[in-house]
Amino acid sequence: MAKRKKSQAKQINNKILTYIAWTLALIALVLSALLVGYYIGFSDGKVKAQKAYSEQNNKQKELLTKLEKSLVKKEQSVNSRLKNVLKKETKQYISASHEIDGSSLDKVPKMAQRKKIIISHKARLAIIIDDVGTKSQVAAIKSLRLPLTMSFLPPSKARPNTPALAKKEKYYMVHLPMEAQNWSAEEPNTLRIHDKQSKISARIKEIKKLFPKVNYINNHTGSKFTSNEVAMNRLIFALKANDIYFIDSRTTAQTKAPKVLKNFGLKYVARDVFLDHHMDKAYVLQQIKKAIKVAKSHGTAIAIGHPHKNTIQALYESKELLKDVELVYINRL
């Protein structure tokens, strides 16, 4: 009897162990399946991630390549446009030296004596572009995306639309024709040294009406006019009455502008560097460097150029150089 009970207990225990063994085997099988599935899934996910990364990397490379090609194409387009946009206008330019009394560089008036100063801000350079008179000139200047101060000639038969062109601009000057010592191609309504006060005042009122936003004018030619103290007194009187400031292009070393402006209690502001007394690009590039040097030395500087293709092209090629100074409109000096 005791032996039978022991035998039955043993059989029960064997069954329990068998169940436990099968259960453990099943659990092991499930865990193995999960591990295999996880590994396969992880590997698959890793492959997919690598593929996605590769595709993204290739897309970025393609975009960069397209961008580089686009920039090169754009630069070539701008470069080509700047070379050709003023082709018609530049035929009338023999030289920008018509502004100065005398055609040789040795007759160019020396820069006014200025002390070197220490400044807390970046040196400022204002570049005035004189003789602006056509839509294509405005377009070429603006395509540079630089804060260049355009100085428009008063309207004439050759350039009837200058007031309309200036009206579209936020900031501009007027390039007022004044009598020169030697210049045959005189602009209409050029101010002359023997003009009476009433005539000069009337002309300035007319300029203010044509160009309502004008705050500054500079002289077009004017070597004879600006060297005459009486004429300059009449001009500054008329300008002051219309809240317009005079900037001396310094076309003659005999300019009376400093003396006259001082007598009126006004600050004398004048051009430091002519960019294109000669029109070849290499010369203009050197003059741009000179203007930057003057600005760094004195804190501020004014350069004057003209809207012919070599000046525009030189400015375009000097964009990196010009980052050494703060390029500003004339009213920021």
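The values are calculated or read from the model by the stated rules, or taken from the named source; none is laboratory data. Just so you know, these numbers come straight off a predicted model, no measurement behind them. Positions of Cβ are generated from backbone atoms using ideal geometry, with glycine treated the same way; all protein chains shown enter the neighbour counts.
Write out, first by first residue and then by second, each pair whose Cβ atoms fall under 7 Å of each other, whose residues are 6+ apart or on separate chains, and whose first residue, in the stretch 195-216, is more than 24 Å from ILE302 (Cα to Cα) and of a type outside the set (A, V, I, L, M) while the second is in a helix (DSSP H, G or I) and modelled with pLDDT under 95.
none
Give the residue that is nearest to the chain's Cα centre (by Cα), with candidates limited to residues of the stretch 292-328 that are closer than 22 Å to LEU153 by Cα and either assigned to a strand (DSSP E or B) or not assigned by TED's automatic domain parsing to the domain that holds ASP276 (or both).
VAL328
Report the residue count in the stretch 227-248 for those that are of a type in the set (Phe, Trp, Tyr) and assigned to a helix (DSSP H, G or I).
Count: 1.
Need the failing condition index for ALA185 against (1) surrounded by 15 or more Cβ atoms within 10 Å (Cβ to Cβ); (2) at pLDDT below 95, just the number.
Condition not satisfied by ALA185: (1).
Name the residue, out of LYS209, LYS196, that is surrounded by fewer than 22 Cβ atoms within 10 Å (Cβ to Cβ), modelled with pLDDT of 95 or more and either touching a strand residue (DSSP E or B) at 6+ places or on another chain (Cβ under 9 Å) or under 27 Å from ALA139 (Cα atoms) (or both).
Only one candidate qualifies: LYS209.
Name every residue in the stretch 281-309 that is surrounded by 21 or more Cβ atoms within 10 Å (Cβ to Cβ) and out of contact with any strand residue (DSSP E or B) (no Cβ under 7 Å at 6 or more places or on another chain), in order of residue number.
VAL284, ILE288, HIS308
So which residues in the stretch 249-259 are in a helix (DSSP H, G or I) and crowded, with 24+ Cβ neighbours inside 10 Å, if there are any at all?
ALA257
State whether one or more residues within the stretch 129-151 are crowded, with 22+ Cβ neighbours inside 10 Å, at positive phi and not aromatic (Phe, Trp, Tyr).
yes
Among the listed residues PRO188, PRO163, PRO147, PRO155, identify the single one that is in contact with a Leu (Cβ under 6 Å, 6 or more places away or on another chain) and more than 24 Å from LEU333 (Cβ to Cβ).
One residue alone meets the criteria, PRO163.
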